[in-house]
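Reading through the structure tokens given below for one structure.
The values are calculated or read from the model by the stated rules, or taken from the named source; none is laboratory data. Since the model is a prediction, treat every value here as computed from it, not as a measurement. Every residue, glycine as well, gets a Cβ built from its backbone with ideal geometry; the counts of neighbours run over all protein chains shown. Heads up: the accessible areas ignore ligands, DNA and RNA and are worked out on the full protein's heavy atoms, side chains in. Shrake-Rupley method; radii C 1.70, N 1.55, O 1.52, S 1.80 Å.
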Amino acid sequence: MATLTTLFAKSLVNLLSVSLFDHDNQFTNALSWAILLVTVFTAASQVYWINQGLLRYDALLQVPVFYVIWTVFDIIGGGIYFNEFREFTTVKYVLFVLGVAVVFSGVGLLANRLKNH
């Protein structure tokens, strides 16, 4: 849900930027309004599901896992949807995967710490 919120929020910001700074109203068609409504809905849903997770799991586990998964899917989803990977070189892909692995390792260490208590 968080990744959808980010993707739609980025689209909404692009629509608002063109409307406000380029003086070209983008809210004259239904698709722009749909993007606005989906952004609001997914943002509210995201808060709801975070709270549901916090009711069931320790915040020291739930919050880092949520943010790691959210970040990874945001990067991948945004990279695909907005074509942000088009100029990636092999080195950038390797460093991206390495960075994700480091983050997951940190969350794994945190989760292991919680098991030991």
Problem set entry | Number of the exception - residue 31 against (1) open to solvent by 100 Å² or more (accessible area, probe 1.4 Å); (2) among the hydrophobic types (A, V, I, L, M, F, W, C); (3) at pLDDT below 85 | (3)
For this session: Report, by residue number, each residue of the range 10-28 that is within 21 Å of the chain's Cα centre (by Cα) and loosely packed, with under 14 Cβ neighbours inside 10 Å.
Result: 13, 14, 17
Exercise. For the range 42-58, does any single residue satisfy the condition of being modelled with pLDDT of 90 or more, open to solvent by 90 Å² or more (accessible area, probe 1.4 Å) and either over 30 Å from residue 112 (Cα atoms) or among the hydroxyl-bearing types (Ser, Thr, Tyr) (or both)?
Worked result: yes
Seminar exercise, completed: Pairing a residue in the range 8-34 that is under 24 Å from residue 44 (Cβ atoms) and without any contact (Cβ under 8 Å) to a residue 12 or more places away in the chain with any residue that is among the small types (Gly, Ala, Ser) and assigned to a helix (DSSP H, G or I), where Cβ atoms lie under 7 Å and the two sit 6 or more apart in sequence or on different chains, gives 26/19; 26/32
Exercise. What are the residues in the range 74-92 that are open to solvent by 100 Å² or more (accessible area, probe 1.4 Å), free of Cβ contacts under 8 Å to residues at least 12 places away in the same chain and part of a helix (DSSP H, G or I), if any?
Worked result: 80, 90, 92
For this session: Filter the range 93-117 down to residues that are modelled with pLDDT under 85, aliphatic (A, V, I, L, M) and open to solvent by less than 100 Å² (accessible area, probe 1.4 Å), then give me how many there are.
Result: 6
Seminar exercise, completed: Of the conditions (1) loosely packed, with under 14 Cβ neighbours inside 10 Å; (2) modelled with pLDDT under 85; (3) not aromatic (Phe, Trp, Tyr), the single one that residue 68 does not satisfy is (1)
